[in-house]
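The values are calculated or read from the model by the stated rules, or taken from the named source; none is laboratory data. Since the structure is predicted, the reported quantities are computational estimates derived from the model, not experimental observations. All Cβ positions, glycine included, derive from the backbone under ideal geometry; neighbour counts span all protein chains shown. Surface accessibility is based on the protein's heavy atoms, side chains included, excluding ligands, DNA and RNA. Shrake-Rupley method; radii C 1.70, N 1.55, O 1.52, S 1.80 Å.
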Amino acid sequence: MRINKYIASRSQYSRRQADDIIKSGRVSINGSVLSDLSYRVSDGDNVFIDDKPLDQQSYDFVYYVLNKPRGYECSAHAEESVLDLVPSNPPVSYVGRLDKMSEGLLVLTNDGDLAYKMTHPKFFKEKEYEVTVDRNLREDQLKL
């Protein structure tokens, strides 16, 4: 299993967050600092984050169901981010996205496995959107 998936399955970190902590030199395997993002974990490997064994990392998954207001973006670097609407510790990611001027249900979590199962096409999760417009549209303007 790739190292980022291994870390995500055993910690509060998402795969992307795992990549970031690997790049920052915080991950070591069998006593050596890891820099190879494609490393595959083998049975018997001792994985450490910040000099603590991965199996001793303590974490809890958190789940937020948020009614995203208009004007907030699904981006960590936005002026008004949906991440500003929930506690910053532990860090979470949004599952799916809504446009800035959209409002509606949005899930935020640090459970990378749940986020993957909710968003990857192979799991066939139905998503439904209701759109309201400010004028009547002609038939030729509606393209599916």
Checklist outcome for this item: Within the range 96-119, residues open to solvent by less than 70 Å² (accessible area, probe 1.4 Å), assigned to a loop (DSSP other than H, G, I, E, B) and free of Cβ contacts under 8 Å to residues at least 40 places away in the same chain come out as Gly96, Leu98, Ser102
Next on the checklist: List the residue pairs whose Cβ atoms are under 7 Å apart, where the first residue sits in the range 81-95 and is free of Cβ contacts under 8 Å to residues at least 12 places away in the same chain, the second is assigned to a loop (DSSP other than H, G, I, E, B) and small (Gly, Ala, Ser), and the two are 6 or more positions apart or on different chains.
Outcome noted: Ser81/Ser75
Checklist outcome for this item: Picked from the range 60-95 (must be of a type in the set (Asp, Glu) and out of contact with any Asp or Glu (no Cβ under 9 Å at 6 or more places or on another chain)), the residue surrounded by the most Cβ atoms within 10 Å (Cβ to Cβ) is Asp84
Next on the checklist: I'm trying to understand the selection: among the residues of the range 59-95, which are over 20 Å from Gln12 (Cβ atoms), part of a strand (DSSP E or B) and in contact with a helix residue (DSSP H, G or I) (Cβ under 8 Å, 6 or more places away or on another chain)?
Outcome noted: Lys68, Glu73
Checklist entry - Do we find a residue being touching a Leu at 6+ places or on another chain (Cβ under 7 Å), closer than 23 Å to Pro91 by Cβ and surrounded by 13 or more Cβ atoms within 10 Å (Cβ to Cβ) anywhere in the range 48-59? => result yes
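Has the range 47-58 got any residue that is part of a loop (DSSP other than H, G, I, E, B) and touching a residue at least 24 places away in the same chain (Cβ under 8 Å)? First the steps, then the outcome.
Restricting attention to the range 47-58, the residues satisfying the condition of being part of a loop (DSSP other than H, G, I, E, B) are 50-51, 57-58.
Next cut, touching a residue at least 24 places away in the same chain (Cβ under 8 Å) only: 50, 57.
There is at least one residue in the range 47-58 that is part of a loop (DSSP other than H, G, I, E, B) and touching a residue at least 24 places away in the same chain (Cβ under 8 Å).
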